[in-house]
Every structure is written in C-alpha cells, then in structure tokens.
Amino acid sequence: MKNIIKSIDADSPLKHKVKIGDSLISINDNKIIDVLDYKFFAYDRKLKVVLQHPDGTEYHVKVKKQEGGDLGVDFETYLMDKPRSCANNCVFCFIDQLPPGMRPTMYFKDDDARLSFLLGNYITLTNLSKREIQRIIDLHVSPVNVSVHTTNPELRVKMLRNPRAGEGIETMRRFAEAGIIMNCQIVCCPGLNDEEELVRSMTDLAAMYPSVHSVAIVPVGLSKFREGLYPLTPFTPEHAAETIDLITEFGDKCLEKFGCRIFYCGDEMYLKAGREIPPEEFYGDFAQLENGVGMLRLMETEFRSALKLSEEPDYTPFSIATGTSVNPLFQKLIALAKEKYPAMDGKVYAIVNDFFGHSINVTGLITGGDLINQLKGKDLGERLFISQNMLRREEMDFLDDITLEQASEALGVPIYPIEQDGFAFWDAISGELPEVKLPKRDGEQTEYYKYNQN
C-alpha cells in the first residue's frame with residue numbers, strides 16, 4: 001500500500017496512537033489517494049483519521065491540533081504514490097540531449113501536478129485525467145506551474161508530439177474560470193513558436209489574467225548531443241534582441257491595461273542579445289526567479305545592499321567558478337567589492353561547457369570534470385566558491401557523478417557551494433562561510449564538511 005507510515009515525529013498528535021508500518025486510509029471520511037489529499041484534508045483542527053494495521057485491521061483515532069498544523073508523520077514515498085512521468089516527446093526536450101551513460105535518474109522526465117503544487121515543477125497537463133483536473137479545481141490547488149510553449153493547439157501537438165497536447169489550453173481556461181493561479185513558461189524555439197505564434201500565445205494567455213499570473217519566455221537550450229533529433233536552431237544575438245523587443249512591447253500594453261507586465265524574458269535572452277538586464281522595478285514581484293527571470297538583477301541589487309551595510313571583511317584569497325553567461329556579472333560584483341575594500345583578493349573563472357557543448361553556458365550545467373580540467377593549476381586562493389545549482393542537494397555531486405569531495409581533492413582547495421543570492425554571496429566572499437553538509441557515501445549524513453567544523 002502507498003500510504004505506509006515510515007516515521008512519526010516526537011511532537012506528532014498521532015504519537016502513541018499509530019505505529020510505524022500502519023497505513024493511512026482516510027481523514028474525515030475522505031479517502032486519501034496521495035499527498036494532495038493528505039495535505040488538503042489534514043488541514044482542519046479536528047480530524048477523524050482511519051488507519052490500517054499490516055494485518056488488514058482498520059481502526060480510527062481522533063486528533064485535535066492547530067488548524068493548518070502538520071500531523072507529523074512521514075510516508076514511505078513523498079508523494080504517497082509513484083511520480084508521474086512525462087507522456088510527451090517534446091522537440092526541444094533537454095533530457096533527450098543528454099549523452100548516454102549518466103545516472104538513471106537523469107533520464108527520468110517528471111510531469112506531475114502534485115510536484116507542481118508542492119515543489120514548483122512545471123507540467124504540460126497532457127497526462128491529467130478528468131478526475132485529476134476536477135480534483136485540482138475542487139481542492140483549489142493553486143498555484144500550478146504550466147509549460148505552455150504555445151496556445152495554438154495544432155502547433156502544441158507538433159511541439160510536444162502528443163495528440164492530447166492541444167487539449168491543455170482548454171484545461172487552462174477551466175482552471176482560470178475556477179480561479180486557479182498559474183505561472184507559465186514558454187521555451188521559445190526560432191522558427192516554431194516565436195514571432196507571430198508568440199504574439200498569439202501571449203494574447204491568449206493575457207486573456208486569462210489574473211489567473212495567468214506570470215509567463216517566462218526562455219530561449220531553447222541546445223546541447224551537442226542532438227544527432228537524430230528534431231532540427232532546431234539557436235537564437236542569434238539579433239533574433240534574441242527582436243524577441244526581447246516583441247515581448248517588452250506586449251508586456252508594456254499589459255502593464256497599462258492590468259497593472260502587471262505578465263510576460264518576461266529569461267535573463268539568458270538578454271545575455272544572448274548582449275543587452276542589459278532591466279532594472280529591479282521591471283520585474284514586479286519576481287514571480288519567475290526559478291526560471292531565471294530577473295535573477296541576475298536581483299542578485300546584483302542584493303549584493304549592493306549587502307556591501308553597503310558591510311563591515312571590514314576577511315581578506316583570505318578566494319576564487320569563483322561560473323558559467324560563461326554570468327561571468328561578466330560576477331566580475332562586476334568583485335570589482336564593486338574591491339572599490340570599497342581594495343585589499344580583497346578574488347578571481348572569477350568562467351567555465352566553458354565542454355561536456356554538453358559550448359552553446360550551453362549556464363552555471364547549473366557545469367560538470368565536475370569541466371570544473372577540474374579547467375581550474376587545475378590555476379591560482380584559486382584558499383577557497384573556491386560555486387553555485388549550489390551545480391550540485392544535487394542531497395548527494396552533493398555534479399551532473400557527471402563527480403562528488404564535491406573529489407573535486408575539492410583534485411583542485412587542492414575547499415569548495416563551498418553558495419545560494420543564488422547576493423547577500424549569501426557577499427557573506428561567503430567576506431569570510432562568513434556557509435555550512436556544507438555532505439552525505440557519507442554509505443548513506444549516513446555527516447554534520448558538517450571537514451573544513452568547516454565549528
């Protein structure tokens with residue numbers, strides 16, 4: 001059974017009432033299918049919980065707790081079910097552009113509405129049943145993050161290579177009528193869903209405002225592993241600039257009509273065009289940071305604020321490794337720091353992506369092998385900083401399975417992953433080092449990294 005309890009918190013209201021190994025059946029007479037049912041129906045202050053022993057015997061307990069408070073139990077799987085895989089074969093899918101031989105989890109394509117609500121993952125809506133669509137409406141699951149790509153049903157079928165793909169736009173309209181908030185993304189592919197098709201998509205999505213809260217338009221990423229895949233072309237600087245102008249003009253009209261711009265280019269589009277990232281006020285509530293929309297602007301703003309409030313830093317020499325696209329920003333931030341503290345000794349190294357191909361220039365896709373090969377023998381100071389996005393959070397290893405410890409040993413310096421945050425970046429380079437938790441490779445967890453113990 002999917003809903004088997006694997007642990008009980010010490011302060012759980014179910015403590016001493018249920019046992020590990022028992023299964024959750026229902027809450028207040030509502031059958032619990034998965035984590036969405038559990039989160040929704042466990043919200044109330046008074047609950048009647050029905051459970052089942054491993055021998056099949058059912059029993060119930062009554063619970064009083066704070067409204068919205070957690071029941072304090074964990075299940076054998078986070079979703080209380082298997083994650084749902086993608087039913088599409090998108091022409092631009094980056095997972096299809098991975099080389100063979102990587103860890104199996106790299107090739108899993110999730111498309112799960114529950115992960116959209118709980119973790120912010122994007123979904124295409126193509127694998128939702130009628131029951132699941134109605135449940136999202138009935139439970140008012142909001143916000144939902146939707147990979148739209150185009151609102152032209154025929155083109156969406158072509159791009160997602162799924163005969164059901166065209167139905168997703170009607171599903172979005174149903175969600176909008178029900179007041180479900182949606183944050184959307186469009187992976188923009190030159191010659192497919194750009195120019196007139198992009199205007200059509202923006203027009204259709206704007207008609208669903210305010211339910212469609214924001215839309216990120218990001219350029220397609222193309223690795224060197226595309227043999228046999230759909231022929232796509234990358235953005236040129238000129239076409240990226242034209243696309244920015246198109247989206248900005250449409251966003252200006254939305255701002256005048258709704259008081260919200262709705263449509264935003266990913267930072268990478270500006271970098272491809274050689275354009276400055278817009279000012280902070282352009283981005284409103286920064287609703288699409290996870291999609292790289294306004295992230296660089298916010299980071300610079302935060303760094304300037306941290307620097308303004310700073311006291312004399314630690315002058316230990318350091319280095320930073322970044323993707324080639326954001327290298328100019330980090331060069332700028334270090335220059336700002338040196339203006340105030342001339343003795344600060346920091347170097348920024350741009351890592352060229354030999355693994356995926358040089359057209360891939362974002363920091364999060366840098367591998368451990370590229371990091372080691374390009375920094376070995378360089379003056380790295382006494383510590384090296386990298387983005388947390390280069391690593392899997394739990395395993396603390398790179399995309400090519402090289403661990404943080406292996407990279408640190410190969411380069412001869414401690415490596416500190418830091419958040420994509422201007423304040424955290426200043427803290428790190430000024431001497432307030434982040435705690436780095438590493439898993440023991442036998443599955444247990446160490447408390448702190450060896451060179452960062454208190």
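The values are calculated or read from the model by the stated rules, or taken from the named source; none is laboratory data. The structure presented is a predicted model; accordingly, all values stated were derived computationally and were not measured. No Cβ is skipped: glycine too gets one built from the backbone with ideal geometry, and neighbour counts run over all protein chains shown. Just so you know, the surface numbers come from the protein's heavy atoms only, side chains and all, with ligands and any DNA or RNA stripped out. Shrake-Rupley method; radii C 1.70, N 1.55, O 1.52, S 1.80 Å.
Looking only at segment 21-48, count every residue that is under 34 Å from the mean Cα position of the chain (by Cα), over 17 Å from Asp70 (Cβ atoms) and open to solvent by 80 Å² or more (accessible area, probe 1.4 Å) and tell me the total.
Matching residues across segment 21-48 total 1.
I need the full set of residues from segment 232-291 which are of a type in the set (Asp, Glu), under 28 Å from Ser305 (Cα atoms) and open to solvent by 40 Å² or more (accessible area, probe 1.4 Å), in order please.
Glu268, Glu276, Glu280, Glu281, Asp285, Glu290
Filter segment 62-74 down to the residues that are open to solvent by 20 Å² or more (accessible area, probe 1.4 Å) and either within 28 Å of the chain's Cα centre (by Cα) or of a type in the set (Val, Ile, Thr) (or both) and list them by number.
First, pick out the residues of segment 62-74 that are open to solvent by 20 Å² or more (accessible area, probe 1.4 Å): 62, 64-70, 74.
If the condition is that a residue be open to solvent by 20 Å² or more (accessible area, probe 1.4 Å) and either within 28 Å of the chain's Cα centre (by Cα) or of a type in the set (Val, Ile, Thr) (or both), then Gly68, Gly69, Asp70, Asp74 are the ones that fit.
Taking Leu307, is it over 16 Å from Glu268 (Cβ atoms), hydrophobic (A, V, I, L, M, F, W, C), surrounded by fewer than 20 Cβ atoms within 10 Å (Cβ to Cβ) and in contact with a helix residue (DSSP H, G or I) (Cβ under 8 Å, 6 or more places away or on another chain)?
Yes; evaluated as a whole, the condition is true for this residue.
For segment 22-64, give me the residue count where each residue is polar (S, T, N, Q) and touching a Ser or Thr at 6+ places or on another chain (Cβ under 7 Å).
1
Could you check, for segment 69-77, whether at least one of its residues is farther than 30 Å from Lys224 by Cβ, part of a loop (DSSP other than H, G, I, E, B) and touching a Ser or Thr at 6+ places or on another chain (Cβ under 7 Å)?
Yes, segment 69-77 contains a residue that is farther than 30 Å from Lys224 by Cβ, part of a loop (DSSP other than H, G, I, E, B) and touching a Ser or Thr at 6+ places or on another chain (Cβ under 7 Å).
Select from segment 343-392 the residues that are at pLDDT below 95 and part of a strand (DSSP E or B) and list them in ascending order.
Across segment 343-392, there are no qualifying residues.
In this structure, is Pro313 free of Cβ contacts under 8 Å to residues at least 24 places away in the same chain and assigned to a loop (DSSP other than H, G, I, E, B)?
Criteria not met by Pro313.
So in segment 394-438, with the set limited to residues that are free of Cβ contacts under 8 Å to residues at least 60 places away in the same chain and of a type in the set (S, T, N, Q), which one is surrounded by the fewest Cβ atoms within 10 Å (Cβ to Cβ)?
Out of the qualifying residues, it is Gln406.
Starting from segment 230-253, take each residue that is within 14 Å of Phe282 (Cα to Cα) and list its partners that are open to solvent by 80 Å² or more (accessible area, probe 1.4 Å), counting only C-beta distances under 9 angstrom and pairs at least six apart or across chains.
Once the first residue is within 14 Å of Phe282 (Cα to Cα) and sits in segment 230-253, its partners that are open to solvent by 80 Å² or more (accessible area, probe 1.4 Å) give Ile244/Arg275.
Count, please, the residues in segment 141-158 that happen to be open to solvent by 20 Å² or more (accessible area, probe 1.4 Å), part of a helix (DSSP H, G or I) and not hydrophobic (A, V, I, L, M, F, W, C).
Final tally of qualifying residues: 3.
Restricting to segment 202-220, count the residues that are assigned to a helix (DSSP H, G or I) and not aliphatic (A, V, I, L, M).
Looking only at segment 202-220, we keep the residues that are assigned to a helix (DSSP H, G or I), and these are 202-206.
Pick out the ones that are also not aliphatic (A, V, I, L, M) and you get 203-204.
Matching residues across segment 202-220 total 2.
Across segment 273-294, which residue is nearest to Gly221 (Cα to Cα) among those that are in a loop (DSSP other than H, G, I, E, B) and out of contact with any Phe, Trp or Tyr (no Cβ under 9 Å at 6 or more places or on another chain)? Please lay out each step first, then the result.
Step one: filter segment 273-294 for residues in a loop (DSSP other than H, G, I, E, B), giving 274-279, 284-288, 292-294.
If we keep only those that are out of contact with any Phe, Trp or Tyr (no Cβ under 9 Å at 6 or more places or on another chain) as well, we get 274-275, 279, 285-286, 292.
On the way: Gly274: 17, Arg275: 19, Pro279: 25, Asp285: 26, Phe286: 22, Gly292: 13 Å.
Checking each candidate, the answer is Gly292.
Scan segment 180-201 for residues that are open to solvent by 30 Å² or more (accessible area, probe 1.4 Å) and part of a loop (DSSP other than H, G, I, E, B) and jot them down.
Passing the criteria: Ile181, Gly191.
Among the residues of segment 112-140 satisfying the criterion of being of a type in the set (A, V, I, L, M) and part of a helix (DSSP H, G or I), which is surrounded by the fewest Cβ atoms within 10 Å (Cβ to Cβ)? First the steps, then the outcome.
Of all residues in segment 112-140, those of a type in the set (A, V, I, L, M) come to 113, 115, 118-119, 123, 125, 128, 133, 136-137, 139.
Narrowing further to those that are part of a helix (DSSP H, G or I): 113, 115, 118-119, 133, 136-137.
Values: Ala113: 22, Leu115: 19, Leu118: 15, Leu119: 11, Ile133: 18, Ile136: 24, Ile137: 17.
Step by step, filter segment 112-140, then rank; the result is Leu119.
Quick test for you: out of Asn88, Asn30, Asn3, pick the one residue that is free of Cβ contacts under 8 Å to residues at least 40 places away in the same chain and not β-branched (Val, Ile, Thr).
Checking each option against the conditions leaves just Asn30.
Test each condition in (1) open to solvent by less than 30 Å² (accessible area, probe 1.4 Å); (2) closer than 27 Å to Arg131 by Cα for Asn89 and report the one that comes out false.
(1)
In segment 238-272, what residues are aliphatic (A, V, I, L, M), under 24 Å from the mean Cα position of the chain (by Cα) and in a helix (DSSP H, G or I)?
Of everything in segment 238-272, those that are aliphatic (A, V, I, L, M), under 24 Å from the mean Cα position of the chain (by Cα) and in a helix (DSSP H, G or I) turn out to be Ala240, Ile244, Ile247, Met269, Leu271.
Quick one: Asp370 ticks every box in (1) open to solvent by 40 Å² or more (accessible area, probe 1.4 Å); (2) without any contact (Cβ under 8 Å) to a residue 24 or more places away in the chain except a single one, so which number is it?
Unmet condition: (1).
Determine which single condition Lys48 fails, assuming it passes every other condition in (1) assigned to a strand (DSSP E or B); (2) modelled with pLDDT under 90.
Unmet for Lys48, out of (1) assigned to a strand (DSSP E or B); (2) modelled with pLDDT under 90: (2).
Determine whether Ala176 is crowded, with 18+ Cβ neighbours inside 10 Å, among the small types (Gly, Ala, Ser), modelled with pLDDT of 95 or more and within 27 Å of His239 (Cβ to Cβ).
no
How many of the residues making up segment 35-82 are touching a residue at least 24 places away in the same chain (Cβ under 8 Å) and among the hydroxyl-bearing types (Ser, Thr, Tyr)?
Qualifying residue count for the region: 4.
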